[in-house]
Amino acid sequence: MCEDYSCPERSVSLSVYVILYVAAAAVALLTVCGNLLVIISVSHFKQLHTPANILILSLAASDLLVGVFVMPFQLTLLIESCWIAGPVMCAVLKFVNFQATSVSVHTVALIAVDRFLALSFPFFYSEKISPTVICIAALLNWLFSLFYNFRLLYVNGNFTDIVCPGVCVYVVDEISSFVDLLIVFVMPCTLIIILYTHVFVIAKKHATAIRAVQVHNSTESSKNKISDKSERKAAMLLGILVFVFLLCLLPYYTFLVISYSIVDFIFFRDVGVIIFFLNSTINPIIYALFYPWFKKSLRIIFTFKVFQRDSSLMNVQSY
């Protein structure tokens, strides 16, 4: 009952309490700054306006939402074991949490589709899949998630019911939970695994074929070789991103399913939540470690060359 609920008193020392808050603030700040740099880089430099990078931009936008709206409140809730931000922010947290999760998963699925088409049907991809087409696909993904998550939460009374003081939990019935599990986890993740299995098989075949044909290359075939190598490298780099994403996603949904039937697993579900949200922090680090264009754009941004005239035309892409 709401009237019987009271926030538990702190059971940790002040020093541990401060360390937890400093760590939470650092993670949230790193998430926000890292994804802002990704968004600025892809948006500013015209050379980066490619279909694959548009999807990375969409993923960074959802990760930014996590860093701004979800991480501060969710980590505070885990530290305090009590909701102190009020019913309005609780509703905001619920919606942004669901929205960012579904957009992220479906964007990674779109990345898998993009790489599959680029390697399997290169002529169709170069002619039909433009940045505009990908922008429309990304926009539809956001709009679908917006409508779907608002309806899911509204129908289950997450915006209209009175929230108990100190509590912020979402309420979803069993049927809606099962449908949500299929739409947000099972179907897109199955698609991601299937398509990226094909992508790596195709990339391996292409690499073998290129090594077999190295004699008497014409200029045109050399250009095709460079282009094909570029697509394979992009697929491999994005494969790292997808692999890390799935590693962070799996514990969250595993613990979520288990906790439906075993109450004692709620703690482990919280651990899964933290791991999943940390993916939003890890993604920009992956770009910084493996993407030459991100390293170059960071140098331009941090040396303030980004404010120069025609800086958007600078060469930052290299494969």
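State which residue is surrounded by the most Cβ atoms within 10 Å (Cβ to Cβ) when the search covers only region 116-165 and only residues that are of a type in the set (Val, Ile, Thr) and over 30 Å from PHE178 (Cα atoms).
Residue satisfying both the conditions and the ranking: ILE129.
Quick one: how many residues across region 31-82 are touching a Gly at 6+ places or on another chain (Cβ under 6 Å) and in a loop (DSSP other than H, G, I, E, B)?
1
If only one of LEU195, LEU191, LEU182 is over 30 Å from LYS46 (Cα atoms), surrounded by 15 or more Cβ atoms within 10 Å (Cβ to Cβ) and under 21 Å from the mean Cα position of the chain (by Cα), which one is it? Before the answer, list the steps.
Values: LEU195 fails: over 30 Å from LYS46 (Cα atoms); LEU182 fails: surrounded by 15 or more Cβ atoms within 10 Å (Cβ to Cβ).
None of the other options fit; the residue is LEU191.
Please work out which one of (1) closer than 27 Å to LEU59 by Cβ; (2) at pLDDT 80 or above; (3) among the charged types (D, E, K, R) is the condition LYS229 fails and give its number.
Just one mismatch for LYS229, condition (2).
Looking only at region 118-135, decide whether some residue is aliphatic (A, V, I, L, M), free of Cβ contacts under 8 Å to residues at least 60 places away in the same chain and assigned to a helix (DSSP H, G or I).
Here is the first cut: in region 118-135, the residues aliphatic (A, V, I, L, M) are 118-119, 129, 133-134.
Those still in the list that are free of Cβ contacts under 8 Å to residues at least 60 places away in the same chain too: none.
Checked region 118-135: no residue is aliphatic (A, V, I, L, M), free of Cβ contacts under 8 Å to residues at least 60 places away in the same chain and assigned to a helix (DSSP H, G or I).
Among VAL70, VAL27, which is the only one that is farther than 12 Å from PRO284 by Cβ, at pLDDT below 90 and of a type in the set (A, V, I, L, M, F, W, C)?
VAL70
Residue check: is VAL96 assigned to a helix (DSSP H, G or I), within 30 Å of TYR17 (Cβ to Cβ) and touching a Leu at 6+ places or on another chain (Cβ under 8 Å)? Give the steps one after another, and end with the answer.
Numbers: assigned to a helix (DSSP H, G or I): yes; within 30 Å of TYR17 (Cβ to Cβ): yes; touching a Leu at 6+ places or on another chain (Cβ under 8 Å): yes.
Spelling it out, VAL96 is indeed assigned to a helix (DSSP H, G or I), within 30 Å of TYR17 (Cβ to Cβ) and touching a Leu at 6+ places or on another chain (Cβ under 8 Å).
The values are calculated or read from the model by the stated rules, or taken from the named source; none is laboratory data. If you're wondering where the values come from, they're calculated on a predicted model, not measured in any experiment. Note: ideal-geometry Cβ built from the backbone for every residue, glycine included; neighbour counts use all protein chains shown.
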